């Protein structure tokens, strides 16, 4: 990495802050159009309020997707404001997916607070998710070239559903044998579940910024690669991350025996360490012992290496596209900052 790259990478928090400041008024206005009770649940999911509506200072996340939409517009040579409708739409869809995902997975907390379904109830949380989805479509449909943009978002949502379905089905498959989940299957699932929305954010921002079809298609591929890298990074943090940083309990994914990428890589390695890990996963062994077994079987090495390869591939794809220099540099720095430092 060059000195210039380091400077741009170090500036990523400012880039994220700039994009959030650009998108936040429009996102707040969109949520404000919802039924007041549903709008409160949506605001709670974004970290803007507590149950009952009192203002809150909870973190609403890094804002990766909205930043990608804004940078996609800027990469096409348009002002970042051109990408705001896409940013709002993808943020709404992301929030909708998290509300439903927490219910499906039974996750009781989200960003160090009770998940919406625990705070308000399962039925209300489903309703809030549905409302966010409908609002996303409405927001994007009102943008220039809205019909084509909605079709593009709909395709991404179809992939997201397929990825979520595969993720749920993975839970019933065995840890070993011919029916086990392979790392390449997991990558395909992650590209649909996580990568589809990141790719859509970049491509929609570029589309609204006036980019030609070849550029929007290339940016969508970049976003999909980054989505898989982010999912792998999240899996690594789910095992070895600091709860004070991640907001998740230590070894939470291992406690729930989730089929995450580091575990699948470890199981796919040859030798006795993988066999020992499989036996532990099928037992009531403690999570610390399982985490050590994943590391001994190579999962802690293989997973970050795979994420970094995806980041390098995304950077190469960006280099091949005719993008504005500043936005391209910021897009290259974003995964280095978010994935590289997390690993």
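The values are calculated or read from the model by the stated rules, or taken from the named source; none is laboratory data. If you're wondering where the values come from, they're calculated on a predicted model, not measured in any experiment. Cβ coordinates were reconstructed from backbone atoms using ideal geometry, including for glycine residues, and neighbour counts include every protein chain displayed.
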Selection from the stretch 55-65 of residues that are touching a helix residue (DSSP H, G or I) at 6+ places or on another chain (Cβ under 7 Å) and assigned to a loop (DSSP other than H, G, I, E, B): 60, 62, 63
Given the condition touching a helix residue (DSSP H, G or I) at 6+ places or on another chain (Cβ under 6 Å), closer than 19 Å to residue 218 by Cα, modelled with pLDDT of 95 or more and surrounded by 20 or more Cβ atoms within 10 Å (Cβ to Cβ), answer yes or no: does some residue in the stretch 285-299 qualify? no
What about residue 205, is it over 18 Å from residue 80 (Cβ atoms), modelled with pLDDT of 95 or more and crowded, with 24+ Cβ neighbours inside 10 Å? no
Anything in the stretch 87-104 that is in contact (Cβ under 8 Å) with a residue 60 or more places away in the chain and closer than 20 Å to residue 241 by Cβ? List them, or say none. 101
Would you point out the residue of the stretch 296-315, among those that are within 21 Å of the chain's Cα centre (by Cα) and free of Cβ contacts under 8 Å to residues at least 12 places away in the same chain, that is nearest to residue 259 (Cα to Cα)? 305
For the stretch 28-54, name all the residues that are closer than 14 Å to residue 88 by Cβ, in contact (Cβ under 8 Å) with a residue 60 or more places away in the chain and not in a helix (DSSP H, G or I). 33, 34
Can you tell me which residue in the stretch 320-343 is modelled with the lowest pLDDT, limited to those that are within 22 Å of residue 261 (Cα to Cα) and not in a helix (DSSP H, G or I)? 342
Taking the stretch 30-54 on its own, how many of its residues are over 14 Å from residue 114 (Cα atoms), surrounded by fewer than 16 Cβ atoms within 10 Å (Cβ to Cβ) and in contact with a helix residue (DSSP H, G or I) (Cβ under 6 Å, 6 or more places away or on another chain)? 1
